[in-house]
Amino acid sequence: MANFFGFNLGNMGAFPGPGGIGGGHLDGRMFVEQYRCYSMVFSTKDSEEIKHGGKVIMPQSALEKLSRLRVVYPMQFKLSSGGERHTHCGVLEFVAEEGRIYVPHWMMNQLYLKEGDLVTVQNVSLDLAKFSKFQPQTVDFLDITNPKAVLESKLRSFSCLTKNDVIGIEYNEKIYELLVLSTEPAPAVSIVECDMKVDFAAPVGYREPVAEPMDSQSTNKEETDSDLIKEAMKQHQGFMAFSGEGQRLDGKTKNLKAENEPKTITRGIPNYDYKKGKLTFVKAKSLKTESEEPMEDADNGFEAFSGTGQKLRIPKKRSHRQLS
């Protein structure tokens, strides 16, 4: 609840004076005044929440006139600059100098006002908001992790919303501008103690990511695979790994020589009957290999382990006398 001169409107039913400001409807009289408009930087209340909020600071004489009228709480006003452009706002305090009104800078831009221009202030009664849609004016708004929570927090400094207004919210030391695309149930609604649904349109300048067609992707992949195979064939014909001859530590040479002839690379045949989630085990056929000649050493007449063994102990032969 806003606090005017120490009075809490939540605990106080009305301000002193005939009629009061407790509730009810306009009794044939309306508050319409003109003031010199200045931005919040000229006031003593210079904070980020006030500069980018939706409330104004009015003089004390306005409070005295409103106290004699039966106006509906919360007090909300329509600001107009003499033309068709207008916006709506709430009131923060009644501490401005006489004949002046302090408004946020975005409201002055909305009404095409300069410092010291005249603005008409008229009290209104707005319906409670049910739905509102916003459009960010820059793509940087997408960097916010939870934009709805941020907007809900920043709208607490607003009292009402008007269609086609461009409001500004401050988050992480950066100003994000939002265009009010639509409001329901009226072009101007009150957002004080209401259950309002919020939606966002695509930011200005946003472009959807374009996905490449599947045909071009498959064609590029096949061309890449064929190029890799051709490159592998060229490398295989010019160079063969481990194609040299081995050397033994004992100085002997082998009869086998490495084959330097290039081998052709054949691609496997795909299984066109493959079904997803099914494993197929193919039984390997027995391959008959050609008989290979046994390895022989270069020295003819050598056979491994062909000698006779020698015993360390020679058994004694029994004599015929002992047998008889």
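Here, each number is a calculation from the coordinates, and none is a lab measurement. No experiment lies behind these values; they were computed from the predicted model shown. Note that each Cβ is placed from the backbone with ideal geometry, even for glycine, and that neighbours are counted across all protein chains shown.
Expected output is a single nm value to one decimal: the length gained when fully extending between F281 and E303, i.e. 0.36 nm times separation in residues minus the C-alpha distance. What is it? Don't skip to the answer; put the middle values down first.
Details: separation 22, 0.36 × 22 = 7.92 nm, distance 4.62 nm.
Gain on extension, F281 to E303, equals 3.3 nm.
Using a Förster radius of 41 Å, what is the FRET efficiency between R85 and V210 based on their Cβ-Cβ separation? Nearest 0.05, please. Could the numbers behind the result be given before it?
Details: r = 39 Å, r/R0 = 0.95.
About 0.60, to the nearest 0.05.
Expected output is a single nm value to one decimal: the length gained when fully extending between Q34 and V139, i.e. 0.36 nm times separation in residues minus the C-alpha distance. What is it? Could the numbers behind the result be given before it?
Working: separation 105, 0.36 × 105 = 37.80 nm, distance 3.85 nm.
Here the answer is 33.9 nm.
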